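Before any comments, here is the structure.
Any read-out appearing in this document is the output of simple, stated calculations on the displayed coordinates, not a laboratory observation. Predicted, not measured: the structure shown is a model, and the values here were computed from it. For neighbour counting, all protein chains shown are included, and Cβ atoms are generated from backbone atoms with ideal geometry for every residue, glycine included.
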């Protein structure tokens, strides 16, 4: 099992140093998250909080994931980058294919696409994309981007996107894995149909095992039996080596950690992630590496 450190809610000014430290202390991947703006008022409900309120303040930073990943890749040699999650269907496939493809080429293919469908309708409306068709559009976007990444002359005539023969250069010479986030049955079908990995949201080992069994059933339906999957899962219940091994036995390949989170006993209390001093973040990052990663 490999260890990932999430940069969600943290100050991007720290990310270059944290990435270098992560690589030297046994972390495999840095995980980024995605929003563009903070609306003062919204009608949408945040799906991972019983109150429906967002778990962050207006000042919480959301750096561009492609620019940030490229910068961190430039100061590391082995560290990988993924998103949990990037809201794909509030963009167009051409800009995403170009930006992600550029980072992939220049980083030596150390980045993947961790896509989600999003929940914030106001953000879709701001960018001029239909919120209600986001699932079907995301599926077609992946198909379009994989065509463009070949670097060859390709054409596409789908429900939402259509173009005659053209090419996007440079093409990809290595893999750009697609990882799908979500727990719903449609999300599991999407993983089985088009993805190289799955990011379950806040599930325990037993639920992850059950989800993977469902995905395997769908893979047979789509003719993708045996297609290997990476599984990126958080570990809120894993406080000792046995807890991490339980996740690994369930099929988790990458455990997403928050090494700079000071435990308060309240799993929804994220206050210690919100812009702690850089030195404190580095100290906690080293401590987690010594106490957990090194022992496993």
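What FRET efficiency comes out for residue 24 versus residue 159 if R0 is 51 angstrom and r is the Cβ-Cβ distance? Round to the nearest 0.05. Numbers along the way, then the final one.
Numbers: r = 47 Å, r/R0 = 0.92.
Result of the calculation: an efficiency of 0.65.
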Q | Using alpha-carbon coordinates, inclination of helix 65-74 to the longest axis of the chain, degrees | A | 70 degrees
Q.
Give me the Å³ per residue figure for the convex hull around the C-alpha atoms of region 2-293.
A. 131 Å³
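Relative to the present Cα-Cα distance, how much length would full extension add between residue 53 and residue 2 at 0.36 nm per residue of separation? Intermediate results must be reported in sequence, preceding the final value.
On the way: separation 51, 0.36 × 51 = 18.36 nm, distance 3.20 nm.
Going from the current span to full extension adds 15.2 nm.
For an R0 of 22 angstrom, estimate the FRET efficiency from the Cβ-Cβ distance between residue 106 and residue 202 and round to the nearest 0.05.
On the way: r = 33 Å, r/R0 = 1.52.
Using R0 = 22 Å, I get an efficiency of 0.10.
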Q.
If I stretch the segment between residue 130 and residue 183 completely, what's the gain in nm (0.36 nm per residue apart, minus their alpha carbon distance), one decimal?
A. 16.9 nm
Q: For the chain, find the longest principal axis of its Cα atoms and tell me its angle to the long axis of helix 185-194, 0 to 90°, nearest 10.
A: 70 degrees
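Which FRET efficiency value, to the nearest 0.05, is calculated for residue 77 and residue 291 with the Förster distance at 22 angstrom and r the Cβ-Cβ distance?
Values: r = 25 Å, r/R0 = 1.14.
So the FRET efficiency works out to roughly 0.30.
Give me 67, 142, 154, 179 ranked fewest to most by other Cβ atoms within 10 Å of their Cβ, as a rough exposure proxy.
On the way: 67 12, 142 22, 154 17, 179 25.
Arranged by neighbour count, lowest to highest, 67, 142, 154, 179 become 67, 154, 142, 179.
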Q | Projected label distance in nm at residue 225 and residue 210, using a 7 Å step from Cα toward the beta-carbon | A | 2.5 nm
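Give, in nm to one decimal, the length gained when the segment between residue 38 and residue 280 is fully stretched (0.36 nm per residue of separation minus the Cα-Cα distance). Could the numbers behind the result be given before it?
Details: separation 242, 0.36 × 242 = 87.12 nm, distance 2.70 nm.
Stretched out fully, the residue 38 to residue 280 stretch lengthens by 84.4 nm.
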(Q) Could you work out [θ]222 nm for the chain from helices alone, using -39500 (n - 2.57) per DSSP H run of at least four and dividing by all its residues? Round to the nearest 500 deg cm²/dmol. (A) -11000 deg cm²/dmol
Q: Could you work out how far helix 93-107 tilts from the main Cα principal axis of the chain, as a 0 to 90 degree angle to the nearest 10?
A: 50 degrees
Q.
Just to be sure I understand: of the beta bridges DSSP finds with both ends in the chain, what percent are antiparallel, rounded to 5?
A. 10 percent
